[in-house]
Amino acid sequence: MKRREFLHALGPLVGGLPLAAHAARDVWVSGADATDRTRRALDADSLLIPMDDVQRNHLKAYGVTFRTLKRGGSAEWLLNYRDGSFLLPDTAGTRRDASLVGVQLEPISGGDVIAIRGEIQGSNMDAVPLEKAPKVAVYAPPNAAPWDDAVTMALEYAGIEYDKVWDPEVIAGKLGDYEWLHLHHEDFTGQFSKFFLSYSGSPWLVEMVRLNAATARQLGYDSVATLKKGVARAIRAFVEDGGFLFAMCTATETLEIGLAADGVDVAAQYSDGTPMDPDASRRLQWDRTFAFENVQLEQSAAIASFSDIDGHQVNNPALRQPLGAFKLFDFSAKIDPVPTMLVQCHRQVIPDFYGLTTSFTRNRLKPGVTVLADESGAPWVKYIHGEYGQGTWTFLGGHDPEDPQHQIGDPPTDLSLHPASPGYRLILNNVLFPAAKKRELKT
Amino acid sequence: MKGAASVLLLVGLLGSALHTADAQSRAPLSEALQYERRGDIDKAVSVYRSVLRDDRTNAAAILGLERVYQSINSLDSLLPVLDSALDADPRSRFVREVQLRVYSTLGRSEHVGATAAAWIELVPASPDPFRQWAFVIAQSGDLDQAMSILVAGRDRLGGTALAPEMARLHMAIGDWPSAAREWRTASVSNPGNAPAAISGLNQAPPTERDAVLRQLRMPEPEPEVKRIAAELLVSWGRAEEGWTLLESALPRNPRTAAAVVRAFAERARRQQTRESARARGKALARLAELTTGDESKQARLDAAQAFADAGELSAARRLLDRVQLATGSRTSDAASAMATVIRISAESGRLDEAERRFREWESRLGADDARKLREAISWGWVMQNQLDRAEALLAGDSTVNSLAVLGWIATYRGDLRGAIERFRAAGPYAQSREEATRRTTVLALIQRVEPDTVPALGMALLRLAQGDTTSAIGGLERVAVDIPVRGGRADVLALAGDLAVAQGSFERSETLLLASLAAEAEGPAAPGAEYALAVAYVALGRHEDAARTLEHLILTFTNSALLPQARRLLDQVRGVIPQSRSDETA
């Protein structure tokens, strides 16, 4: 479901009617989207997937829910109820799936469900129906291993299906086939994450340059930098047309720069053969981007930093900031269900983690950007969200929530050792959020 | 994220300058930092400037202003501040460095050159201006120009000037042979550079290491350069080659030489390979010659232990033969040394000698040493099928540790009832945790076997203890036929199958494990058998069979302790988590 459909279905909620203001049973049987399937779920025994500390594998719980939807079943996301639990129909398939992957289930009766709805009704909670497994695409080079990127690691571990797309598919307009797009930690300025000088000669960098240059030639672009700007514009069009975009680490910052730099040379000489426009910062056009404005670019080709969007500047010795912890914001589940979904977690405060882009400088955010998490007292935020056209975008700073000091060449994170990772939960909230479909209310 | 590290090559600044901040200015500086952290730039600027009014060269305030001005893209506002600081102290290295950096960040390359030239004129014999000038140019990405600056500096200053900086720049460029050449120059002119040379060159990629060593070895290297090469060799897993090189370059002063050898032995110890143990043994043997008295004796004993660790038991014995321990001695050092002698004798299979020395020294050994040695010798006899002698040595020893060993002796005799009694008496805490686990595992097995006495089972287990896994598997398979179907047969076959998996005989393990499951599909041994079967299937590339087996295990034995690892293996079979080294060797 694209966001425009999502918003349409959400219409009555925008009008300010709290969902749970109705008797639970009435809501479920009378709403336009209250299908026979959901009615059966209410009457039959259900399975609660608790997402508080009772749960031993939070990450795989998202996969169990996703696969339930994939099999044609329905589910509900109980926002703020036991840290964002899921309510599923009690089926042998779901029990088997959960048992295989080690997800805790609590079989509950119809009476229990009504009691839960009562609690939801009287609290800052809400029940959001999940009705369709989203079609997920990950923008990543064809030779990238799943372990290169936190989102693909999370998707693989949770067992959520996705397709890989890369420049040829994006330029060919294939993004329209998907509802949710994640960006591998890409450099949309075409500067190979600015590792060109410091990792000169490293086999992985040589291969990255070769692959990107060949792809640019194949698609008729004069340089990688030009190609990536084209890709960035296609991604923006995907969002504008109702897609859900999620990006982490350097993909956030460079996507914005790539979009703002239409007609401006922001790439170092080693990338496109010409030096960066010395006046590039002033010439960037921030009305074409999602999240940031008035950004100053890093002019040095040797410093693996792109701009002052990143608050931590991990690779800029003069500006590097230490890691702290970030706190998730509380939102009204009934009024702001979208940000509420994105921050469902069993921990409110999460240790920070570095990335090439670790955080987002507060005074570079556009007005209207929703901050989902920040570090108290710091001039940066960690997790942001917003709307663009008919779609939405969500940016999370940092590279790997369970490898805070991640270095190139580190062994991949094994998520079976972090099955309750709160940082990775934030990623999976994003994956499941496009599955949400608000039922229309009887008003 | 290592990117910045590689351009931090010429840094040697700032820290000391920060420490010079006037104590009185610390409170306002702390206040300014708080403002900076909250994003209140105007107030931070105001406080930093107020500190600089009283102390124009205050390093912390200048750095603070540099940060905040950079964050608001007003770095040029710092230039008058720096000019004022230079008026107060024209030779301030710190201020000159910041000035160069600021001009570089602002992209004013002509000012960078002019500032550097002015600084050079002020301190013509100092390498500092060239060093910092090259650093900011390197940071801007122009490594070639940075190198030109260093070369110009050397031309002007002469000799070996700026060698460490050139070495680091060559490393950043990826020119490891040139880096080695410069580090060689730097270390010969100042041996204090040797640790940095070792640390820097140690990062050379494997493909460049031989080229690095060639630069360090040709032409005939100076002793300090040989020592650098030796250190690199030991770090790169070529400890014996390193020792050969180091031995030819030891300082003449015995005390200095001893220190060098001791450091090498310690580095070799960290490598934990057979080769490094052998090199460590050689180094410690040399240390024994360089030292005297107790230190020499201890070095020789340590060398013997290192050779024993390397499996070089004859070399270990030769060293021990040279350790003169007076039997009349009652010193604890002598007793400790003798404990080593006895242990190595036992480990090398010279049990008669070990037992004779043990009985001779038993009363002078510490209680803990005596117990461990008694067990070690007793185990030695067990390994040689001398169960009676092993038992006799423990006679009269009623400690839980001895009871545990006696339990094993009974097991190997096939006296399962006696073994169970002794293991139970030993309890769960005797000996190490690993040993307790091993004991518990065999106890679980023999408790399931119904006959009280099964000598063939004991013999198979003894073969296993002796390291003859193939014979043990065959013995277990044969004896299983004589054990009742529900009286332990499945358990014995499961153990045999598990061993076959560990041995890499996966086809055979499949036969054994399926036979175990056929004997008792849901008995206590079944979860383990299914898990081992899945491991075998994975090794055979039969991932679908592995997944099916693991799913059956997880869904059938819902309370099994094996569930977490079964789920983890299932994840690996499905490719949703990466293979780890421990999994590969499991």
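Since every read-out is calculated from the coordinates, none of them should be taken as a lab result. Predicted model, so just to flag it, every value in this text is computed and none were measured. Glycine gets a Cβ as well: all are built from the backbone with ideal geometry, and neighbour counts include every protein chain shown.
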Most to least packed among B:163-170, B:377-384, B:395-402, B:311-318 [average Cβ atoms within 10 Å]: B:163-170, B:377-384, B:311-318, B:395-402
Cα convex hull volume per residue for the stretch A:251-408, in Å³, equals 124
Find the percent of Cα-Cα distances in the stretch B:402-457 that exceed 14 Å, and round it to a whole number. 45
If I model a spin label as a point 7 Å beyond the Cα along the Cα-Cβ vector, how far apart are those points for residue B:468 and residue B:385 in nm? 0.7
What do the square roots of 5 times the Cα gyration tensor eigenvalues come to for the stretch B:81-185, in whole Å, largest first, as semi-axes of the equivalent ellipsoid? 25, 16, 10
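Could you please report the charge total around residue A:356, scoring K, R as +1 and D, E as -1 over all other residues with beta-carbon less than 9 angstrom from its beta-carbon?
-2
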Would you mind telling me which residue in A:216, A:154, A:115 has the biggest mean-square fluctuation in a Gaussian network model of chain A, where springs connect alpha carbons within a distance under 10 angstrom? A:115
Can you tell me the FRET efficiency between residue A:45 and residue B:273 if r is taken as the Cβ-Cβ distance and R0 is 60 Å, rounded to the nearest 0.05? 0.50
Report, in degrees rounded to the nearest 10, the 0 to 90 angle that the Cα long axis of helix B:490-503 makes with the longest principal axis of chain B. 40
To check you understand DSSP bridge types, tell me what percent of the beta bridges within the protein assembly as shown (both residues inside) are antiparallel, rounded to 5. 70
To the nearest 500 deg cm²/dmol, what mean residue ellipticity at 222 nm is calculated for chain A from DSSP H runs of n ≥ 4 alone, each contributing -39,500 (n - 2.57), summed and divided by the residues? -9500 deg cm²/dmol
According to the Cα gyration tensor, what semi-axes, each the square root of 5 times an eigenvalue, does the equivalent ellipsoid of the stretch A:304-353 have, listed from largest to smallest in whole Å? 30, 13, 7
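Considering the convex hull of the alpha carbon atoms of the stretch B:194-321, report its projected area averaged over all viewing directions, in nm², one decimal.
Mean shadow area of the hull around the Cα atoms is 7.7 nm².
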Taking only Cα atoms of the stretch B:165-255, radius of gyration then Dmax in Å: 12.2, 40
The stretch B:252-295: trypsin sites (Lys or Arg not before Pro) in DSSP coil with no more than 14 other Cβ atoms inside 10 Å: B:252
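Within a 10 angstrom radius of the beta carbon, how do B:228, B:344, B:120 rank from fewest other beta carbons to most?
By the 10 Å Cβ count, ascending, the order reads B:120, B:344, B:228.
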In degrees from 0 to 90, rounded to the nearest 10, what is the angle of the helix B:128-139 Cα long axis to the longest principal axis of chain B? 70
Could you calculate the contour length gain from residue B:543 to residue B:156, that is, 0.36 nm times the residue separation minus the distance between their Cα atoms, to one decimal place in nm? 132.5 nm
With Rg and the Kirkwood Rh both taken from Cα atoms, where does Rg over Rh land for the stretch B:385-541? 0.99
Gaussian network model of chain A, Cα within-10 Å springs - most flexible of A:67, A:217, A:56: A:217
Ellipsoid equivalent to chain A - semi-axes via the Cα gyration tensor, in Å: 39, 21, 20
Here the tail fraction of P(r) beyond 16 Å, over all Cα-Cα pairs of the stretch A:328-443, rounds in percent to 64
Using C-alpha positions alone, give me the convex hull volume of the stretch A:310-395 per residue in cubic angstrom. 107
With r as the distance between the Cβ atoms of residue B:518 and residue A:71 and R0 = 51 Å, compute the FRET efficiency 1/(1 + (r/R0)^6) and round to 0.05. 0.90
How big is chain B along each principal axis, measuring the range of its Cα positions in Å and listing the largest first? 97, 66, 49
The simple spin-label model distance between residue B:253 and residue B:214, using points 7 Å out along Cα→Cβ, in nm, is 3.7
Packing-based ranking, highest mean first, of A:221-230, B:57-66 given that Cβ atoms within 10 Å are counted: B:57-66, A:221-230
Tell me, what is the FRET efficiency for residue A:174 and residue A:366 to the nearest 0.05, using R0 = 22 angstrom and their Cβ-Cβ distance as r? 0.15
With Cα atoms, 0 to 90° folded angle of helix B:78-88 axis to chain B main axis: 70
If you count, for every residue in B:573-579, the Cβ atoms of partner chains within 10 Å of its Cβ, what is the mean? 6
Mean-position separation - Cα centroids, the stretch A:123-162 and the stretch B:201-256, in angstrom: 51
Considering every pair of different Cα atoms, what Kirkwood radius, in Å, is found for the protein assembly as shown? 34.0
When you count, for each residue, the other Cβ atoms within 10 Å and take the mean per peptide, how do B:481-492, B:74-85 rank with the highest first? B:481-492, B:74-85
